[in-house]
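Below is one structure, written out as structure tokens, with a few remarks after it.
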Amino acid sequence: MNMKSNNFLIFQPSKSAMQSGLGKSEKWCLSNSTANESFINSVFCWTGSSNSEKNLTLFFDTLESAVRYAESKSFKFDVIEPKKRKVIKKSYSRNFIK
């Protein structure tokens, strides 16, 4: 398998639905985007893959370090910039203002 021919994505993962804060969402992720060879086992009805590159996910502290790593390995990659989150500050006491 030649990993250098695959396309990779560099992005910031979004927060989990179980989180109210933004913990662990400041890191940048390098993930394989084209390794989607999968099959369904007809006997056990589970989905599998013969491609271990599908599970390749690396985390970096900064976007620059993720891009530097991908360029050093000659990966073809796309950067997905995160959308800015609109925060509406609310106060519990505002519920009782008439």
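Observations on the structure shown:
- Some residue of segment 64-86 being surrounded by 13 or more Cβ atoms within 10 Å (Cβ to Cβ), of a type in the set (S, T, Y), modelled with pLDDT of 70 or more and in a loop (DSSP other than H, G, I, E, B): no
- Across segment 38-56, a minimum of one residue is classified as closer than 21 Å to N7 by Cβ, at pLDDT below 85, assigned to a loop (DSSP other than H, G, I, E, B) and of a type in the set (A, V, I, L, M, F, W, C).
The values are calculated or read from the model by the stated rules, or taken from the named source; none is laboratory data. Every value quoted in this text rests on a predicted model; they were computed, and no experiment measured them. Here the Cβ is made from the backbone with ideal geometry for all residues, glycine too, and neighbour counts use every protein chain on show.
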